[in-house]
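The values are calculated or read from the model by the stated rules, or taken from the named source; none is laboratory data. Predicted model only: the values in this text are computed from it and were never measured. Cβ placement follows ideal geometry from the backbone for every residue including glycine, while neighbour counts extend to all protein chains displayed. Heads up: the accessible areas ignore ligands, DNA and RNA and are worked out on the full protein's heavy atoms, side chains in. Shrake-Rupley method; radii C 1.70, N 1.55, O 1.52, S 1.80 Å.
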Amino acid sequence: MTGRLPSPRGITPKMPRPSVPRTSLIGRESEVAKTVALVRDGPQRLLSLTGVGGCGKTRLAFAVLAESAESFPEGIGVVELARISSPAHVPEAVAASLGLSEAMGDAPLEKLRETIGTKRVLLVLDNCEHVIEACAALVDDLLSSCPELRVLATSREPMQIAGERQLRVPPLTAPKPGISVPIDALMDYPAVRLFVERAAVVDNGFALDPQNADTVAAICGLLDGIPLAIELAAARIGVLTPAQIHERLDDCVRLLVGTSRSAPSRQQTIRATLDWSYDLLSPAERTLLRQLSLFSTGWSLEAAEGVCPAAGLEEEDVLPLLERLVDKSLVVTGEQAGIVRYRMLEPVRQYAARHLTDRDEADATRDQLEHYYIRLVERSEPELHTHRQARWLRILDGEFDNIRAMFHGALDQGRTETALRLAGPLYWYFWLRYHLREGQRWLEAGLERGGDVAPEVRARAAMALALTCSFLGDHAKGTTFGMAALAYFEEAGPSAELVWTLVTLGYIAFAVGDLDKAQALAERAAALADEVGSQAHPGQAPLLMAQVARLRGDAGTALPLVRQARMAFSEAGDPWGIASADRIIVSFDDHSVDLWQEGALSAISVYRDQGDLVAVVGALEYFAGRMGKHQAAAQVALLAAARAARESLGVLTLLAEQDDIDRHLDAARATLGDAGFEAAWSEGNSASLDDVVRSVLGEAPLEGHTGEADGARRLSDRPAGLTPRELEVARLLALGRTDQEIAEELFITRGTASLHVHHILGKLGLRSRVQVADAPELKGLLGTQ
């Protein structure tokens with residue numbers, strides 16, 4: 001801020017003026033404009049800029065002050081409260097900022113009211129948090145007495161008085177950790193621009209280049225875009241390379257130490273700025289903050305309540321304490337699938353975790369947290385087969401990163417039973433969310449370890465691994481682990497786990513074409529399910545028997561069985577099971593089966609919304625099998641799209657199903673001729689699976705679908721065969737967006753976004769979404785958003 005502040009009659013500022021910034025303010029253009037408008041003409045006369053320490057509240061306030069000064073010709077007072085040690089001195093400091101220190105007397109408030117009166121005055125209170133109650137009382141009194149007074153405050157928590165408008169100052173936007181962003185898009189992130197500009201001050205030759213770009217992006221992402229942390233990291237460029245800085249960010253509290261002799265002490269290090277906040281907390285708030293530091297990627301209210309016994313807190317205390325931590329900017333909130341989730345910015349989390357360790361509380365808190373997540377996954381296992389499936393999928397989606405961290409932590413520290421108790425119940429979640437490869441790695445790693453593991457826990461994990469391997473087509477390994485689980489559960493007696501193991505082994509037999517064995521195992525599972533009850537998921541065994549009968553051409557046996565399975569799934573409210581039964585009904589050649597098309601479309605829609613990609617593909621294959629000769633081109637295109645999707649997902653068609661598909665393709669070739677067949681196949685192979693699904697569901701025509709070679713050429717001429725929608729998704733992938741963020745930005749479902757992502761990876765031959773940004777086929781096509 002430059003120039004002389006206006007001084008109305010009776011108001012002569014004498015406080016030291018805020019220093020003129022010596023570096024540029026980066027990435028706050030929209031916040032400055034919005035705040036200036038509110039300060040000048042907003043309906044609330046108290047505007048509080050809140051945020052975590054180091055986020056740039058003071059810099060923002062002074063930028064706003066510079067832009068707003070001319071709107072307050074009758075006076076401006078600036079109070080830098082960090083210098084004030086006692087709440088009793090707040091009125092004196094405010095009076096001094098308005099030139100009243102020599103005539104205060106014993107009634108500073110009265111003198112302030114009299115002096116300000118009806119004048120249009122702006123009062124800037126910087127760093128209120130340590131004297132927040134005194135500031136609130138003073139401001140409340142003055143706003144009630146002085147109708148034209150406006151107050152701009154900066155604080156780590158709001159004043160919480162009538163008429164306050166709170167604006168949270170967020171960290172700067174930064175690339176998400178682990179996501180690769182093209183170098184020409186990185187400078188669109190304010191956090192990266194800040195790092196580069198500050199690093200160039202230390203090293204004139206510093207600039208982004210292909211060697212350091214990803215590392216700089218990772219530094220800014222790991223520091224959650226906190227300006228002070230980024231500036232302190234950039235200051236290290238003189239003695240460390242970006243790679244060395246990145247390597248040390250697992251202890252950023254120790255690394256990020258400033259060298260400026262003129263900066264306030266609380267801004268010399270990240271530790272100092274967080275000490276300032278931590279020291280202002282109550283004992284209970286400090287306790288909860290420490291416990292919450294073990295959540296690696298955020299938490300729900302229920303998870304926070306689950307950890308509180310380790311801290312000696314009552315469950316009912318958690319919500320009000322959590323609210324206070326949010327108010328004090330040490331915890332931030334966000335919404336995921338309609339549920340509020342909380343997290344700490346990474347420097348705050350590391351700081352709180354250090355206090356947790358220093359107080360010898362880490363082990364007890366970790367044990368409590370693992371106990372919470374074990375109970376959570378065990379509760380989810382049966383719920384994923386009921387009408388509450390969608391709710392539990394949302395819960396597990398939100399907590400999966402924490403479960404992953406708990407699993408790997410337990411495995412690394414030799415607590416194998418804990419690791420297996422976390423992994424074992426998630427087999428159906430792994431399937432529904434297509435985390436199959438990761439699930440396989442978890443279960444194999446746990447079962448390979450020694451250690452003191454209860455036989456039941458090991459058997460449950462073996463059953464889960466058998467099912468996971470069978471889904472992935474590794475039938476030999478699935479059989480090995482399935483038999484190991486069967487041996488234990490047979491000895492233990494009738495149970496839901498025994499039924500599941502028999503069904504799993506039955507499906508493996510079915511997949512390799514041993515229909516007699518599959519039938520025998522399914523019959524035994526069905527009998528046991530009647531004995532065990534609903535927890536054994538009684539629809540699975542008749543569903544398997546129906547599929548055996550269908551392949552044997554025995555529709556008279558198969559139809560009652562699949563209807564029995566559907567009824568059992570309906571009673572449980574299991575949407576996946578219902579869709580699976582409908583999908584099998586579609587496959588019958590008996591055209592007297594009622595409403596087959598409606599059942600097929602329902603199954604495809606349910607699978608898509610769940611994000612169950614493999615099931616979507618299987619349902620499309622069944623749907624294609626019911627098409628007649630007059631739909632031969634569309635049938636071939638559907639089967640080609642399904643084949644491409646299977647190749648992308650790494651899941652092959654079951655041997656027992658492939659004969660049917662080959663028969664349909666041979667008949668279509670005979671109808672279309674070689675040229676027509678190849679054109680239809682090329683078109684389906686190049687089309688987006690999402691576009692195919694939307695076409696089948698009647699939501700949109702299949703773009704470019706003509707059944708002719710020129711239509712196929714138009715599709716395949718696109719980069720790697722990507723559709724315009726897939727190119728949109730690829731651009732967002734290159735910017736590090738998650739499936740949920742892509743869905744929200746493009747107004748599609750999360751399941752649809754997942755379909756696009758998997759199809760893109762398949763077409764480009766990539767194994768990881770982070771590779772999309774560097775795909776040679778897309779160079780120059782992605783741009784930025």
So, first residue of a type in the set (G, A, S) in segment 130-142, second residue assigned to a helix (DSSP H, G or I) and open to solvent by less than 50 Å² (accessible area, probe 1.4 Å), Cβ within less than 9 Å, six or more apart or across chains; the pairs are A134/V90; A134/P91; A137/V90
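Yes/no per residue for (1) modelled with pLDDT under 95; (2) over 16 Å from E497 (Cβ atoms); (3) more than 20 Å from the chain's Cα centre (by Cα):
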| position | (1), (2), (3) |
| --- | --- |
| T386 | yes, yes, yes |
| R391 | yes, yes, no |
| I395 | yes, yes, no |
| E399 | yes, yes, no |
| R404 | yes, yes, no |
| L411 | yes, yes, yes |
| T418 | no, yes, yes |
| L426 | no, no, no |
Those residues of segment 285-309 which are small (G, A, S), touching a helix residue (DSSP H, G or I) at 6+ places or on another chain (Cβ under 6 Å) and within 19 Å of Y351 (Cβ to Cβ) amount to S293, S296, A304
The condition of being acidic (D, E), modelled with pLDDT of 90 or more and within 21 Å of the chain's Cα centre (by Cα) holds, among E285, E302, only for E302
Within segment 677-712, restricting to residues that are modelled with pLDDT of 80 or more, of a type outside the set (S, T, N, Q) and open to solvent by 20 Å² or more (accessible area, probe 1.4 Å), the one that is nearest to R626 (Cα to Cα) is V696
Across (1) closer than 28 Å to C220 by Cα; (2) open to solvent by 10 Å² or more (accessible area, probe 1.4 Å); (3) modelled with pLDDT under 90, H435 clears everything bar (1)
Condition set part of a helix (DSSP H, G or I), within 25 Å of Q740 (Cβ to Cβ) and open to solvent by 20 Å² or more (accessible area, probe 1.4 Å), scope segment 327-355, selection modelled with the lowest pLDDT: answer is E346
Residue pairs within 9 Å by beta carbon, gap of at least six or interchain, first lying in segment 426-451 and among the basic types (K, R), second in a helix (DSSP H, G or I) and modelled with pLDDT under 90, listed first then second, are R433/L393; R433/D397; R433/Q610; R433/S754
Within segment 184-213, the residues that are open to solvent by less than 60 Å² (accessible area, probe 1.4 Å), under 17 Å from D774 (Cβ atoms) and not small (G, A, S) are L186, L208, D209, N212
Only one of A352, A303 is touching a Lys or Arg at 6+ places or on another chain (Cβ under 7 Å), of a type in the set (A, V, I, L, M) and under 26 Å from G51 (Cα atoms), namely A352
Counting only residues that are open to solvent by 10 Å² or more (accessible area, probe 1.4 Å) and either in contact (Cβ under 8 Å) with a residue 60 or more places away in the chain or part of a loop (DSSP other than H, G, I, E, B) (or both), segment 521-546 contains a total of 4
Considering residues that are at pLDDT below 85, over 20 Å from I584 (Cα atoms) and either open to solvent by less than 30 Å² (accessible area, probe 1.4 Å) or outside any helix (DSSP H, G or I) (or both), the number found within segment 646-669 is 2
Apart from one, (1) in a helix (DSSP H, G or I); (2) out of contact with any Phe, Trp or Tyr (no Cβ under 6 Å at 6 or more places or on another chain); (3) buried (at least 20 other Cβ atoms within 10 Å of the Cβ); (4) modelled with pLDDT under 90 all hold for Q291; the odd one out is (4)
